[in-house]
Amino acid sequence: MRKKTGSSVDVAAINSAWSDLFNQNKARTIEELREEGWLSIPEIASRLNKGRCAAKATMDRLGAEHKNIYVLIDGIVRKVGFFRLKE
């Protein structure tokens, strides 16, 4: 009779890990992110009347929280930089 050589797989933990991975990498809309307080770098640049690099440097200097988030823009998923002021 064959001996059990490995431990059993926890299917619920694996499914949870896959679910978490998909939720972290799903494309969101800019409106959802605005509700959470995030503004995109191009939007910040236009409001500050600066270029994108200058706007990003300004936000970094202020100590704002930065994230690159996948967003759905005109049916295409793009990776866009967003800033949010720390509370």
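Inside segment 51-69, residues that are more than 13 Å from W38 (Cα to Cα), loosely packed, with under 14 Cβ neighbours inside 10 Å and not acidic (D, E) make up a count of 7. Give K56, K67 a once-over and let me know the one that is basic (K, R) and in contact with a Lys or Arg (Cβ under 9 Å, 6 or more places away or on another chain). Residue meeting the stated conditions: K67.
Bear in mind these aren't lab numbers, they're just calculated from the coordinates by the rules spelled out. Since the structure is predicted, the reported quantities are computational estimates derived from the model, not experimental observations. In this analysis, Cβ positions are derived from the backbone assuming ideal geometry, glycine residues included, and neighbour counts consider all displayed protein chains.
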